[in-house]
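**Student:** My questions will all concern the structure given below.
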Amino acid sequence: TQSTWVPKNEAEARQMLMQLQGSLGVSLEESNSTVFIKSITPGSAAEEAGLEEDDVLHKVGGTRIVSKKTLTEHVRTSMPGSEDVFTVRRPSLGKKKKQIVVYGTKAAPFE
């Protein structure tokens, strides 16, 4: 038979939820339907994938990023360990590029 883990309290339930959603590890800014990376958490999925501060996020998978909410919802519904292709424009290069990101586990409390 298969056992089922049932959380004993709210803290355990939150921990379980954190492990079921992906994490990118960035702080975002939004201006006129443009979303860009304000900061990156050291050791995060974003850092490991080579994303940088000030990168403008255009697409994740086939979804156009038009708001912070668009990206946040996409990442939260992704499983840790799954991957996506991000299309970004790096201001220092002046052109778009694609980065593969393998999502990490959300480290902050689920809200």
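The values are calculated or read from the model by the stated rules, or taken from the named source; none is laboratory data. Just so we're clear, the structure is a prediction, and the values are computed from it rather than from any experiment. Positions of Cβ are generated from backbone atoms using ideal geometry, with glycine treated the same way; all protein chains shown enter the neighbour counts. Surface accessibility is based on the protein's heavy atoms, side chains included, excluding ligands, DNA and RNA. Shrake-Rupley method; radii C 1.70, N 1.55, O 1.52, S 1.80 Å.
**Student:** Every residue in region 7-31 that is modelled with pLDDT under 90 and not in a loop (DSSP other than H, G, I, E, B), please.
**Tutor:** Matches in region 7-31: Glu10, Ala11, Glu12, Ala13, Arg14, Gln15, Met16, Leu17, Met18, Gln19, Gly22, Ser23.
**Student:** Sticking with this one: Considering every residue within region 33-48, establish whether at least one is buried (at least 19 other Cβ atoms within 10 Å of the Cβ) and among the small types (Gly, Ala, Ser).
**Tutor:** yes
**Student:** Taking the stated definitions as given, is Lys69 open to solvent by 90 Å² or more (accessible area, probe 1.4 Å), modelled with pLDDT of 90 or more and more than 12 Å from the chain's Cα centre (by Cα)?
**Tutor:** Criteria not met by Lys69.
**Student:** Would you mind finding the one in Leu57, Leu51, Leu71, Leu93 that is aliphatic (A, V, I, L, M) and without any contact (Cβ under 8 Å) to a residue 12 or more places away in the chain?
**Tutor:** Leu93
**Student:** So in region 83-99, with the set limited to residues that are surrounded by 16 or more Cβ atoms within 10 Å (Cβ to Cβ) and polar (S, T, N, Q), which one is modelled with the lowest pLDDT?
**Tutor:** Going through the qualifying residues, I end up with Gln99.
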